[in-house]
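The values are calculated or read from the model by the stated rules, or taken from the named source; none is laboratory data. No experiment lies behind these values; they were computed from the predicted model shown. Virtual Cβ from ideal backbone geometry, glycine too; neighbours counted across all protein chains shown.
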Amino acid sequence: MNRIGRLAALLLPTLLLLAACDLLDGTPAAYPVATVAPTASTQTLGPTPAAATSVPAQSPEAPLGPLRLWLPAEIGARTPEGGQELADQVQAFAASQSLEVLVEQKPVEGAGGILSYLRTGATVAPSVLPDVIALPAVLLTDPAVRQMVQPLDGLIDMAVLDGDGSETGPYAAAAAQVVSDGRFYGVPFVSAGLTHLVYNRASLPDVIPLDWTAFISDTNHTLVLPADSRDGALFGLQFYLAEGGTLVNENGQPDLQAEPLARALRQIAIRPENLLQSRQLKTLDEAWQYYQVGQSGFLWVRADYYLGRRAEASAAPGAPEPGTSRVPGPGGPLTPLTTTWVWAITTADPARQGPAADLIRTLTAPGALAGWAERSQLLPAQREAMALLAAESEYYRFAGEELERAAAMPISESSRQLAAIGDAVFQVLTTDQSPEAIAEATVLSLRQ
């Protein structure tokens, strides 16, 4: 039996016990795994035997086993190219440090997820738990989650969060979520969910109105988006927040307010006929087809979706890259909402924390992060990495400007509030009910 087989045999009882514990945890996954086929769920990366023999053996009193890195497939294997880039970077780090790094893909939440293992496994089998994890920054605002990770003070210089606002450090929306009581718990690396418009430069003017009423009232052009979906709910959420709406009540419970929701719905329904077939569309793929065949002048997209379609959009010989614009809103552009992913350290062992911090520094170095983010069709959450991409691409320059003014996604995409807003957007585009009646019914339903 080879080394991997022996290790599997030794760990199988423990893993079965952890799996049983996970089955008792019915928490729904708030961040679904991407549909792109992932690479192998576990990779062992380390130095070649030749490299290993050139390094003095570790002290038997304090052996350092493999470093374990856990992250979800939606980040680690979003694209084959991105998965390979991550594997190459981790392999290079492992060789330079003469140690093994085990990379495992697990969802962040839900049964079998990273947080579930950390909750149930800390007292059962700490030796098989991760040293480094990736998770959405918003989770670090929860004290219960912060208790499962280690403060990075003394391990990574907190100056990594202190950018000058234009050239260095993470974008503000990312940095704000990882600090609590003067301590920081994660290093931002990539950003997902940035929303914007795409349009054909040849057929549309260079100046796009950023007031929603002026924009949607132009009968010469139409906008398409998948309104009957989570994307339509996000579209509605941004309007709701622009109208001053809040998402929790005075007791911190999920809630919405009828008046700002009604104002948001009224705006969205000003000219529903100019939202070409949007009420019928459930996916960005469907909306993309309308845009590609020229049936709609504008397309609402998320950046991580568009990054996978850029080559197709400019496939015709000599065709310019599509234009991009902020999404018009009530009286001005909507504030984009993004989900920032961060690296965090979970091991409490000081001997392992040093290599874990070194791994994070390696993966977030500007050149490494820019290469990985580009190949993974995601945006880097660090300004220096974005600057490297923006030097060669107008699109990344636009995306960097948008991330400067972006806000953190305030709720989970599986939240009750977002689902309620999505239903309200669909109703205002498909029924004769007034925005006020829909808003009142939506708020009442959420409070029941």
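Report the residue count in the range 407-434 for those that are part of a loop (DSSP other than H, G, I, E, B) and surrounded by fewer than 22 Cβ atoms within 10 Å (Cβ to Cβ). Walk me through it before giving the result.
Looking only at the range 407-434, we keep the residues that are part of a loop (DSSP other than H, G, I, E, B), and these are 409-415, 431-434.
From the residues that got through so far, the ones that are surrounded by fewer than 22 Cβ atoms within 10 Å (Cβ to Cβ) too are 410-415, 431-434.
So the count comes out to 10.
Could you tell me how many of the residues in the range 251-275 are on the phi > 0 side of the Ramachandran plot and surrounded by 15 or more Cβ atoms within 10 Å (Cβ to Cβ)? Steps first, answer last, please.
If we filter the range 251-275 for residues that are on the phi > 0 side of the Ramachandran plot, which is where we start, we get 252.
The next check asks that each one be surrounded by 15 or more Cβ atoms within 10 Å (Cβ to Cβ); those that pass are none.
The total comes to 0.
Can you tell me which residues in the range 70-92 are touching a strand residue (DSSP E or B) at 6+ places or on another chain (Cβ under 7 Å) and either surrounded by fewer than 16 Cβ atoms within 10 Å (Cβ to Cβ) or part of a helix (DSSP H, G or I) (or both)?
Of all residues in the range 70-92, those touching a strand residue (DSSP E or B) at 6+ places or on another chain (Cβ under 7 Å) come to 70-73, 75-77, 87, 90-91.
Across the range 70-92, the qualifying residues are Ala73, Ile75, Gly76, Ala87, Val90, Gln91.
Considering only residues that are closer than 19 Å to Glu413 by Cβ and either of a type in the set (A, V, I, L, M, F, W, C) or touching an Asp or Glu at 6+ places or on another chain (Cβ under 8 Å) (or both), which ones fall in the range 244-267?
Thr246, Leu247, Val248, Leu256, Leu261, Ala264
Restricting to the range 88-99, give me the number of residues that are under 18 Å from Thr364 (Cβ atoms) and in contact with a Leu (Cβ under 7 Å, 6 or more places away or on another chain).
Within the range 88-99, the subset under 18 Å from Thr364 (Cβ atoms) is 88-94, 96-97.
Retained after the next criterion (residues that are in contact with a Leu (Cβ under 7 Å, 6 or more places away or on another chain)): 89-91, 93-94.
Final tally of qualifying residues: 5.
From the list Thr222, Thr213, which one is modelled with pLDDT under 95 and among the polar types (S, T, N, Q)?
Values: Thr213 fails: modelled with pLDDT under 95.
Residue meeting the stated conditions: Thr222.
The conditions are (1) free of Cβ contacts under 8 Å to residues at least 24 places away in the same chain; (2) surrounded by fewer than 17 Cβ atoms within 10 Å (Cβ to Cβ), and Trp288 fails exactly one of them. Which is it?
If we test Trp288 against (1) free of Cβ contacts under 8 Å to residues at least 24 places away in the same chain; (2) surrounded by fewer than 17 Cβ atoms within 10 Å (Cβ to Cβ), just (2) comes out false.
All but one of (1) among the hydrophobic types (A, V, I, L, M, F, W, C); (2) in contact with a Pro (Cβ under 9 Å, 6 or more places away or on another chain); (3) outside any helix (DSSP H, G or I) hold for Leu152, so report the exception by its number.
Every listed condition holds for Leu152 apart from (2).
Quick one: is Arg302 under 19 Å from the mean Cα position of the chain (by Cα), surrounded by fewer than 19 Cβ atoms within 10 Å (Cβ to Cβ) and over 30 Å from Glu100 (Cβ atoms)? Before the answer, list the steps.
Working: under 19 Å from the mean Cα position of the chain (by Cα): yes; surrounded by fewer than 19 Cβ atoms within 10 Å (Cβ to Cβ): yes; over 30 Å from Glu100 (Cβ atoms): yes.
In short, yes.
Criterion first (within 20 Å of the chain's Cα centre (by Cα) and either in contact (Cβ under 8 Å) with a residue 60 or more places away in the chain or outside any loop (DSSP other than H, G, I, E, B) (or both)) does Phe189 satisfy it?
Working: within 20 Å of the chain's Cα centre (by Cα): yes; either in contact (Cβ under 8 Å) with a residue 60 or more places away in the chain or outside any loop (DSSP other than H, G, I, E, B) (or both): yes.
So Phe189 fits the description; yes.
Among the strands (runs of 3 or more DSSP E) lying completely within the range 272-346, list those that include at least 1 residues that are closer than 22 Å to Asn220 by Cβ. Walk me through it before giving the result.
On the way: elements: 298-302, 323-325, 337-345.
Once the strands (runs of 3 or more DSSP E) in the range 272-346 are filtered for at least 1 residues that are closer than 22 Å to Asn220 by Cβ, what remains is 298-302, 323-325.
Would you say Gln427 is among the polar types (S, T, N, Q) and in contact (Cβ under 8 Å) with a residue 40 or more places away in the chain?
Details: among the polar types (S, T, N, Q): yes; in contact (Cβ under 8 Å) with a residue 40 or more places away in the chain: no.
No: the conditions fail for Gln427.
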